[in-house]
1. Expected output is a single nm value to one decimal: the length gained when fully extending between Ala11 and Ile123, i.e. 0.36 nm times separation in residues minus the C-alpha distance. What is it?
2. For Asp160, enumerate residues with amide H under 5 Å from its amide H, sequence gap 5+ or separate chain, H modeled in the peptide plane.
3. Per residue, what volume in Å³ does the Cα convex hull of segment 116-213 take up?
4. Suppose a student asked you for the relative contact order of segment 1-138, using Cα pairs under 8 Å spaced at least 6 residues apart; what percent would you report?
5. Which of rounded, prolate, oblate describes segment 1-77, given a ≥ b ≥ c as roots of the alpha-carbon gyration tensor eigenvalues and a/c under 1.5 marking rounded, otherwise prolate only if a/b is larger than b/c?
6. List every residue whose amide H lies under 5 Å from the amide H of Leu65, counting only residues 5 or more places away in sequence or on a different chain, with H placed 1.01 Å from N in the peptide plane.
7. Suppose accessible area is computed on protein heavy atoms with a 1.4 Å probe; arrange Thr84, Thr213 from highest to lowest.
8. Ignoring any ligand, DNA or RNA, what whole percent of the accessible area of the chain comes from carbon and sulfur when the probe is 1.4 angstrom?
Amino acid sequence: MDAQQFDRLAARARALAERPAGGHPPRRILGLAGAPGAGKSTLAARLVARLDGLAVLVPMDGFHLAQAELERLGRAGRKGAPDTFDAAGYLALLARLRAPAPGTTVYAPAFDRALEEPVAGAIPVGPAIPLVVTEGNYLLHDEGAWAGVLPLLDEAWYLDLDARLRVPRLVERHVRFGKDRARAERWVQDSDEANARLVARGRDRAHLVVPMT
């Protein structure tokens, strides 16, 4: 992504954050969706940094089910599929973030990639924060509890990256976090790309499609 494209996106995010005084809702939410490896977390972190205190990043990945629960359910081999998240919990958090009780700090979970586990209460969102940026695969998904996410977002962007760039990047990420290369390549083809095909179905529901390079 070149500097001009990022500047345009940052200006659009800032316009969401700098709502008129007394505006409704009291807080706005920007969602970044896209396939695994599309650059969601990187762009979200850059936007929050550019907004300099006006926004907090709350990733969807904090709602991964714990590894022990995935094993109990027999879903450890498909970690990252829609049913391996607490979608209802994520939905409830978005509702709290959008309209928090006055003066309340809302705490959100994070996901520790080194541990491959969610960490509760890791992200404070103070009452003065006007914008939450959230990112994840299934913000535009329309099945089950996921269908309730899009109505809670003021804007949803779909990050579109060619698989020829995205897949090698994804393999390298898995290697960086501890998988050997052969296992990383199998995981990407068997799990991540199955998820990517599902995620792509939500592209047309986005308010903005962002070409990534």
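1. 37.9 nm
2. HN-HN under 5 Å from Asp160: Val210, Met212.
3. Output value, Cα hull per residue: 147 Å³.
4. 37
5. Taking the square roots of the gyration eigenvalues as a ≥ b ≥ c, segment 1-77 is oblate.
6. Under 5 Å from the amide H of Leu65 lie the amide H atoms of Phe85, Asp86, each far enough along the sequence or on another chain.
7. Largest accessible area first, the residues go Thr213, Thr84.
8. 53
The values are calculated or read from the model by the stated rules, or taken from the named source; none is laboratory data. Bear in mind the structure is a predicted one, so any value in this text is a computation, not a measurement. Neighbour counts are summed over all protein chains in view; Cβ atoms, including those assigned to glycine, are modelled from backbone coordinates with ideal geometry. Accessible surface areas use protein heavy atoms only, side chains included; no ligands, DNA or RNA. Shrake-Rupley method; radii C 1.70, N 1.55, O 1.52, S 1.80 Å.
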